[in-house]
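Following: one structure in structure tokens, then a few remarks.
The values are calculated or read from the model by the stated rules, or taken from the named source; none is laboratory data. Model, not experiment: these values are computed from the prediction. Methodologically, a virtual Cβ is constructed for each residue, glycine included, from the backbone with ideal geometry; neighbour enumeration extends over all protein chains shown. Calculation scope for accessible area: heavy atoms of the full protein, side chains included, ligands and nucleic acids excluded. Shrake-Rupley method; radii C 1.70, N 1.55, O 1.52, S 1.80 Å.
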Amino acid sequence: MAKIKGAVIVDKERCKGCNLCVVACPFNVLSLTAKEVNKKGYTFAQMAVEEACTGCASCATVCPDGCISVYKVKIQ
Amino acid sequence: MTKEEIIKPENLVYKKPTLMNDNPMHYCPGCSHGVVHKLIAEVIEEMGMENQTVGVSPVGCAVFAYNYLDIDWEEAAHGRAPAVATAIKRLWPNRLVFTYQGDGDLACIGTAETIHALNRGENITIIFINNAIYGMTGGQMAPTTLVGMKTATCPYGRDVTIHGYPLKMTEIAATLEGTAYVTRQSVHSVPAIRKAKKAIRKAFENSMNGKGSNLVEIVSTCNSGWKMTPVAANQWMEEHMFPFYPLGDLKDKE
């Protein structure tokens, strides 16, 4: 069976750490950084559980600042 | 398969629309405005109208919308965006003209302009962001504030004996002869965002096909004004806003 794997890139300088993508992700892939902040002082989203991502783009759809790019590949 | 192997240009499935530039947005973290900006950019790109779109920005948080979307913009006086849009559309009938207004701009200061532009059946689209509060000026009561909702200017909650009842502009618009498509959407979840995008697309197509005026209300959050986290604001909106402002199409003149 073909398996779908995904990955996201978060533009961390654009991210404001609103947490909406973390909540929207059906597989709990994303999380906010615990202490690390960007230049503006916001904690930002990052991939915490990389192998669970399916590239469904839910996170990118709800992102108000358009920080997330989604990549998806089908493994035969 | 590692992350580096997946992240290749040919595997890209979603990115920020190209019409949205790299300027960091001044909106608060989690603000619904960003999502709606993104949807407008995506719809304009899909319609291929990048060079023929004129937006009219309001006074309110979205006053700087022209900094973020690379289309032509016109800045209107407070509440007067539908009047400016009317002039632009009449002079340039082949342009896609839309206004982007908040509830303070559209439902309070510009009530007359909005109702008359919709009633004249001008071929424009009005995007109405309803967050039940004056967000930019610090969370004062707006005409759309819910009964009992606490704001900076009604700290004990909106009281109908003093402040009157919330104004449902979209319901009013649906009763007007000139409107072609009147709908109320939201952007709090992925399915809602997809529906809102379809509604904006339909409204833009109607205005280009000369069917009449279109109003797309987006029930939104103002987490700073409501003094909540973005996630809690979305939940509060689902629990309190949707019973009073039910989502769905109110009028669709085929």
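Computing FRET efficiency as 1/(1 + (r/R0)^6) for B:Lys8 and B:Asp70, where r is the C-beta to C-beta distance and R0 is 22 Å, gives about 0.25. For the pair region B:166-224 / region A:9-54, the C-alpha centres are spaced 31 Å from each other. Expressed to the nearest 5 percent, the antiparallel share of DSSP beta bridges inside chain B is 20 percent. Estimated from the Cβ-Cβ distance and a Förster radius of 35 angstrom, the FRET efficiency linking B:Thr161 and B:Met49 is about 0.15. Karplus-derived 3J(HN,Hα) values for region B:53-68, using 6.51 cos²θ - 1.76 cosθ + 1.60 with θ = phi - 60°, are 10, 10, x, 10, 8, x, 9, x, 4, 7, 4, 9, 3, 5, 7, 10 Hz; glycine and proline are entered as x.
Volume per residue of the convex hull around the Cα atoms, evaluated for chain B, comes out as 136 Å³. For peptide A:69-75, the mean count of partner chain Cβ atoms within 10 Å of a residue's Cβ comes to 6. Largest GNM mean-square fluctuation across A:Val23, A:Val62, A:Val49, computed for chain A with C-alpha springs under 10 Å, falls on A:Val49. With contacts taken as Cα pairs under 8 Å at a separation of at least 6 residues, chain B carries a relative contact order of 18 percent. Along the Cα-to-C-beta direction of B:Thr111, a point sits 7 Å from the Cα; which residues of region B:65-79 have their amide N less than 16 Å from that point? Taking a point 7 Å out along Cα→Cβ of B:Thr111, the residues of region B:65-79 whose backbone N falls under 16 Å are B:79. For B:Lys89, a cut-off of 30 angstrom between C-alpha atoms picks up these lysines, skipping any fewer than 8 places away in its own chain: B:Lys16, B:Lys38, B:Lys168, B:Lys195, B:Lys197, B:Lys198, B:Lys202, B:Lys211, B:Lys251, B:Lys253.
What does the structure give for A:22-32 when I average, per residue, the other chain Cβ atoms found within 10 Å of the residue Cβ?
Working: counts 1, 5, 6, 0, 1, 0, 0, 0, 0, 0, 0.
The shielding value for this peptide is 1.
Could you work out the mean count of beta carbons from other protein chains within 10 Å of each residue's beta carbon in B:200-208?
Details: counts 0, 0, 0, 0, 0, 0, 0, 0, 0.
The mean count of partner-chain Cβ atoms within 10 Å per residue comes to 0.
Non-local lysine pairs in chain A, meaning eight or more places apart or on different chains, with alpha-carbon distances under 24 Å, amount to 11.
A cut-off under 13 angstrom between Cβ atoms defines the neighbours of A:Arg14, and their net charge, with Lys, Arg +1 and Asp, Glu -1, is +3.
Each part reduced to its alpha carbon centroid, region B:1-78 and region B:88-134 end up 20 Å apart. When A:Lys16, B:Lys150, B:Lys251, B:Lys15 are compared by accessible area at a 1.4 angstrom probe, the order from most to least is B:Lys150, B:Lys15, B:Lys251, A:Lys16. When a/c reaches 1.5 or more, the comparison of a/b and b/c decides; with that in mind, is region B:1-70 rounded, prolate or oblate per its Cα gyration tensor? Oblate is the answer for region B:1-70, as a/c is 1.5 or above yet b/c matches or exceeds a/b.
Please work out the FRET efficiency for the pair B:Glu177 and B:Thr229, using the Cβ-Cβ distance as r and a Förster radius of 45 Å; give the result to the nearest 0.05. Efficiency computed from Cβ-Cβ geometry: 0.55.
Report, as a whole number in µm² per second, the diffusion coefficient that Stokes-Einstein gives for the protein assembly as shown at 10 °C and 1.306 mPa s using the Kirkwood radius over alpha carbon pairs.
78
Each Lys and Arg contributes +1 and each Asp and Glu -1, all at the Cβ; summed about the Cα centre of region A:3-75, the dipole is approximately 100 debye. Please list, by residue number, everything in region B:20-47 whose backbone N is under 14 Å from a paramagnetic label point 7 Å out along Cα→Cβ of A:Glu13. Residues passing the 14 Å test: B:22-25. Among beta bridges identified by DSSP and lying wholly in region B:1-141, the antiparallel ones come to about 15 percent. By DSSP, the beta bridges lying fully in region B:148-233 are antiparallel in about 10 percent of cases.
Between B:Glu254 and A:Glu50, the modelled labels are 5.2 nm apart [label points 7 Å from Cα along Cα→Cβ].
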